[in-house]
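Shown next, in structure tokens, is the structure this report addresses.
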Amino acid sequence: MKLSIDLSGLTECARRMGEFTPDFSIEVESNGTGFSIDVALSTPEGVEIDLEELESDQGLLGYRGRQVLLFIPDHGPSAESVLAGQAEGRKFHVADCSTLEKMRSENRFARYRATHNVSGDFEIYGTSGFTNQPVNGITRLTVCKNCLSMLNYKGYRTGSQKKTIFGDFDIAEFLSSYSTLFRIMPEREAMVEMGGYDDGWEDVSKNYRESKSWQCEECKVSLLQNKRLLHTHHINGVKRDNKLSNLKALCLDCHRKQPKHDYMRVTHSDMQTIVRLRREQSLLNKSNWSDAFRMADKSVEGILFHYQKSGQQCPYVGYELTNEKNEVVGELELAWPAFKTGIAINHEIIEKANKLGWKVRSVGEEIRLMSNTKTWS
């Protein structure tokens, strides 16, 4: 029997919705544990990993395409005091820092577990200092300062607010900041509590965004043809407070940059779409640092702080790379066209740029070189 199906109506609806790049990944693992890995990584217990499984080419820590934190569950005889809040536990890691390098050299890496649980709670174990009996439980751990310094997270290494940045460190915010560097991340529902919205929230949100002509109230980018990238933000954080004075239309990027905001996944393709639209609407490349910080991908914020502190020229954000025929072949996250240098996330774009005579580094390469005082030349 031959079936004839007309999908023209569906195609036309998709066309009216604007540009859309599918963003999903289907992993088929030989042991069939793909979904169970995501569940395990979302727990305070995490997953034990081997050194060979750690992905760190971007300077961050990844496991099977997912961004993770690393921690040591074994706290030995101090475990009881840590669980009782009488002693500080071992730090957890968010970057491939000098501490992890030391652990590698000492062949102690097998002691680590990976997690992307955002609660700040970690399962640890050890022995009682009094009875020598095994103890275990859940406790809160703090982030490694060497990691913050390596990434220059929020200007940690180059600024004067180290104590505040360390004390206010939020795992959910951190994962959101660097989500564009990873190909697989948990959906927001797996990371934060999604309840609390009114039953009619979808209509409230749509009507509000429509009243703002589908334009971000922060960066001013128009998303009329990309409506899914525009959100309605509750200014005071109360999801049921739908007064107009408490609502703000924000693009996905500006939404995730709100202080103390819940975890929000942003893919590289979505970020590139937003940056491209900003560029087409003459909202980019104003060559000043405030605009660069406001418009650039969060994953390069530490790099921006580094170059601003070192007195470098402000880079172009979302620079279109062209070939000899003036054809666009890719986009650089940051660029200094006068020196034909830049920084990019996509490795294929980096390769193309270097073939065209540019000096373009990955985010990971730049992160590792930031401690060097040399500048582009």
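Observations, loosely collected:
- Accessible area per residue, Å², the stretch 70-222 with all protein chains present, probe 1.4 Å: 49
- Protein accessible area in the stretch 227-275, 1.4 Å probe - carbon and sulfur %: 55
- Taking θ as phi - 60° and the Karplus parameters 6.51, -1.76 and 1.60, the scalar couplings of the stretch 330-337 work out to x, 10, 9, 4, 9, 8, 10, x Hz in sequence order, x denoting glycine and proline.
- Within the accessible surface of the stretch 289-329, defined with a 1.4 Å probe on protein heavy atoms only, the carbon and sulfur portion equals 43 percent.
- Computed over protein heavy atoms with a 1.4 angstrom probe, the accessible surface ordering of Asp270, Asp170, largest first, is Asp170, Asp270.
- Averaged per residue, the stretch 223-377 has 46 square angstrom of accessible surface, using a 1.4 angstrom probe with ligands and nucleic acids left out.
- Extension gain for the segment Thr131 to Arg111, taken as residue separation times 0.36 nm less the Cα-Cα distance, is 4.8 nm to one decimal.
- Between Thr43 and Val329, the contour length at 0.36 nm per residue exceeds the alpha carbon distance by 98.8 nm.
- Scanning residues 5 or more positions from Glu48 or on other chains, those with amide H under 5 Å from its amide H are Ala114, with H placed 1.01 Å from N in the peptide plane.
- Spacing of the two label points (7 Å from each Cα toward its C-beta) at Ser56 and Lys163, in nm: 3.1
- Across the accessible surface of the stretch 85-136, with the other protein chains kept in place and a 1.4 Å probe, carbon and sulfur atoms take up 45 percent.
- Ranked packing of 131-139, 216-224, most packed first, by mean Cβ within 10 Å: 216-224, 131-139
- Subset of Lys91/Lys154; Lys257/Lys359; Lys325/Lys352 violating a 21 Å alpha-carbon distance limit: Lys257/Lys359
- Phi-derived couplings, Karplus 6.51 cos²θ - 1.76 cosθ + 1.60 at θ = phi - 60°, listed residue by residue for the stretch 353-363: 4, 5, 5, 8, x, 8, 10, 10, 10, 6, 4 Hz, with x used for Gly and Pro.
The values are calculated or read from the model by the stated rules, or taken from the named source; none is laboratory data. Since the model is a prediction, treat every value here as computed from it, not as a measurement. Glycine gets a Cβ as well: all are built from the backbone with ideal geometry, and neighbour counts include every protein chain shown. All accessible areas refer to the heavy atoms of the entire protein, side chains included, with ligands and DNA or RNA removed. Shrake-Rupley method; radii C 1.70, N 1.55, O 1.52, S 1.80 Å.
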